[in-house]
Amino acid sequence: MNKKLKFRFSRKALAYPYMAFLILFVVVPLVMILINAFITDGNKIGFDNFVEFFSDAGGGLTVLGNSLIIGFVTTLLCLVIGYPVAYFLAKYHASNNVLVLMFILPMWVNFLIRTLSTKTIFLAMDLELGMGTVLFGMVYNYLPYMILPLHTTLVSIDKRLIEASEDLGASKGTVLVKTIFPLSLPGVVSGITMTFIPAISTFAISEILSVSKIYLFGDAINMHFSKATNSFGVGSVMSLVMLVLVIVSNLFTSLNEEEVRSVL
Amino acid sequence: MKEKIIEIVNVCKSYDEKPVVKNVSLTIYKGEFVTLLGPSGCGKTTTLRMIAGFEQPTSGKVFFNGKDITELPPHKRNVNTVFQKYALFPHLNVFGNIAYGLKLKTIPDGQPFQNRKGQTVQKMRHLTKAEITEKVNRALKMVDLEDYGHRSVNSLSGGQQQRVAIARALVNEPQVLLLDEPLGALDLKMRKDMQIELMQMHKKLGITFVYVTHDQEEALTMSDKIVVMKDGQIQQIGTPTKVYDEPANAFVADFIGESNILSGTMVKDCCVNISGHTFECVDKGFKRNEPIDVIIRPEDIHIVDVADSNCLVEAEVLTCVFKGDHYQVTALTFGDERNELIIHDNVQVAVGDKIGLYIKPFDFHIMHKARLINTLEGEMYDTGVVEFCGGRFPCNSTLDEGTKVKISVDFDDVELTDDEEDGVIGATVISTIYKGSYYQCIVRTDDYYDFFVDTDYEWLINDRVGIKIAPDKILLEEVKDEQKVEV
């Protein structure tokens, strides 16, 4: 009986410090955001913040719309540029690892440094900072996040399926459209989520590359918390909206392959 | 006269300079069930892939209905393949998999007509949905999967996936169906059933089947013609009975069915000497006292009483194992040189029994030996040291440095070492055949010379070994420059 009461050090205990960290720095702040969302002017409890955001009084909804559009365009551009890159990387993967490295290398440089250097280049070229430069910065920053999952799925496609497709009468182009692309859909979906979510929530890129002319959802949240006073409430509501978007897209990725295909 | 459908002419294939298929020529006739049989790595799958178009031969030609298709991509060839482990499309259901080829197919639409420029034009069209559905359903029915069209391929058992793969290939009505070890992943019972089903399909459809397998029993059961391959080369082409009863060489005999392979000499026509005993046989045309290989199938050796007048040789029983429809007996013959024989008979004997053995004259299968002595070319590295196959061997020779020499080494003078480092050069064991009282191995050096080695031990195929040769066993002969040596 005595033995049962004794604390037994099991491998599970190794996870406790991180659990504590998670509770303190992830769960607690989330709860605080949730509470903040219902508090207006420091003491009133109610749905005022939600009303303010969803009635677009402070322009929050418009910013969300703009961000979604920019996020969508960025993702589309990343997909259109990234798919061929990932395809050729996968095709010549065995013989050339240096190529893959070249595409991952930019990820090792801090994104702020990358973005600031991009700005300097644009200024040196005498380009006007605005929508174009922001989109460029976004695509440049998020392209690796599109290429990597695509590359992983494309590499893992069974070569025999491609041969089977050719055997059944498919030319090289048809193989790509009818076999390789459908089989790479899981990679496309995870590439989209890995690009789209950061693209709508980012603030630094748009701020730096448009000299704060273009105002995205991330910028708005940032402003509510850091610059304006007494607007923690609306900021929290916006954070919650962001969170819901993230959860929805993650649900989308975690659907199994067949469900993804039926959705698309 | 049978009509040729596929002709492979002097085809070679190498990957990174490593030959996989060496000068293979093969003719396949319309409607035949041809099996390419051989151990793994013998080039049978590569040969099949060259017929399918997935590989291009390094040299040589492939003809289909008389037309050269060597360079034709797979999608333009009128052949379909059933892949090893099926290769079904996971993103499509059973119906979608089978319909895949049909959706890509175009057929002539209406009669050819003359256009304004006076050229004859044939309009092509895709199959309609109804046509595809009808064909797919017929294919599903053929493989007994009528109600499975909507199922996901991953929810099917191995046998069912196999049937889908066959239906997917056959629905395109190819002239030749290529099958790459299609039954390898199935359990024994399922495999037997599928063998019979495939044979029935072949009979019913009347198209040509080219089947690749390493399972000799499968090949013997199903084929009209067996092509035995080893090491990228064809060893024998023949009907199952021919290949089984009259193997072309010791390898074929060893690979197909169980067999006793012994060394002997041909005393004269119809008379063979094996380890001091003389037997009557039916083979003629060998040189007097020519060393030969003799093959005797276990079921052709009959156990008789020692006192029986039929008794040709006496032997001592080592083991006797019941195998259901027969007893498998191993026995050691008496005499100066004792040979171990495997016997399948339906009499039970006890270990240690003295038994008599009887073999009918035409059950001795006599074959020329592939090689009598290892001969190769080399160069004197120094006085008393000869260099060949990338190694320097000490030898008893006084020839000068740089002299080109012909080296001969007897099979039993080559010594194999377990540790590659212990030998002068390294080599890979590529075949081991038991010859009654010793093993004959073929070991391949890193520059592709095959040493024949007679040894007391069984060396495992694909093992790395070292090669050593005693200095006095290396026979050297100087080669004059203008003299060409055939190795």
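Here are some notes:
- Only alpha carbons enter this Debye calculation for the protein assembly as shown, each as an equal point scatterer, and the log10 of I(q)/I(0) it gives at q = 0.05, 0.06, 0.07 Å⁻¹ is -0.47, -0.64, -0.79.
- Kirkwood Rh in Å, taken over all unlike Cα pairs in chain A: 21.7
- The calculated 222 nm mean residue ellipticity attributable to helices in chain B amounts to -5000 deg cm²/dmol, summing -39500 (n - 2.57) over DSSP H runs of n ≥ 4 and dividing by all residues.
- The ranking of B:C270, B:C441 by Cβ neighbour count inside 10 Å, starting from the fewest, reads B:C270, B:C441.
- Ordering A:F252, B:T81, B:L186 by Cα displacement along the dipole of the protein assembly as shown toward the positive end leaves A:F252 in first place; charges were set at the Cβ atoms of Lys, Arg (+1) and Asp, Glu (-1).
- Lys/Arg +1, Asp/Glu -1 at C-beta; the protein assembly as shown dipole; positive extreme among B:L72, B:F362, B:Q119: B:Q119
- Kirkwood Rh and Cα Rg combined as Rg/Rh, region B:4-245: 1.00
- At q = 0.12 Å⁻¹ the log10 of I(q)/I(0) for region A:63-217 amounts to -0.58, computed by Debye summation with a single uniform scatterer per C-alpha, solvent ignored.
- Placed amide H near B:K369: partners under 5 Å, 5+ positions off or other chain: B:D293
- For chain B: relative contact order, % (alpha-carbon pairs under 8 angstrom, 6 or more apart): 11
- Taking GluC sites (Glu not before Pro) as exposed when DSSP calls them loop and at most 15 other C-beta atoms lie within 10 angstrom, chain B has its longest site-free stretch at B:72-257.
- Value of [θ]222 nm, deg cm²/dmol, for chain A, DSSP H segments ≥ 4, -39500 (n - 2.57) each, nearest 500: -21500 deg cm²/dmol
- Each of B:E421 and A:V248 was given a label point 7 Å from its Cα along the Cα-to-Cβ line. The distance between the two points is 6.7 nm.
- Largest GNM mean-square fluctuation across A:L24, A:L176, A:L101, computed for chain A with C-alpha springs under 10 Å, falls on A:L24.
- Placing a label point 7 Å from the Cα of B:V282 along the Cα-to-Cβ direction, the residues of region B:219-262 whose backbone N falls under 18 Å of that point are B:239-249.
- Antiparallel DSSP beta bridges within the protein assembly as shown, percent to nearest 5: 85
- Across all C-alpha atoms in chain B, the radius of gyration and Dmax reach 27.8, 95 Å.
- Separation between Cα centres of region B:255-302 and region B:183-226, rounded to whole Å: 33
- Gain in span if fully extended, B:A185 to B:K203, counting 0.36 nm per residue against the direct Cα distance: 4.1 nm
- Alpha carbon centroid spacing (whole Å) that separates region B:414-487 from region B:39-95: 36
- Tensor-based shape of region B:26-143 (alpha-carbon gyration tensor, a/c under 1.5 rounded, otherwise prolate or oblate): oblate
- Percentage, to the nearest whole number, of Cα pairs in region B:250-368 over 26 Å apart: 17
- Folded to 0 to 90 degrees: helix A:28-37 orientation relative to chain A principal axis, Cα: 70
- Chain A: relative contact order as a whole-number percent, Cα under 8 Å and 6+ apart: 26
- Top positive-direction residue, dipole computed over the protein assembly as shown with Cβ charges, set B:I296, B:F209, B:S397: B:F209
- Gain on full extension, evaluated as 0.36 nm per residue between B:N396 and B:K323 minus their Cα-Cα distance, stands at 20.9 nm.
- Over region B:250-368, Cα pairs under 8 Å with separation of 6+ residues give a relative contact order of 28 percent.
Here, each number is a calculation from the coordinates, and none is a lab measurement. Owing to the predicted nature of the structure, the values given are computational and were not obtained by experimental measurement. Neighbour counts are summed over all protein chains in view; Cβ atoms, including those assigned to glycine, are modelled from backbone coordinates with ideal geometry.
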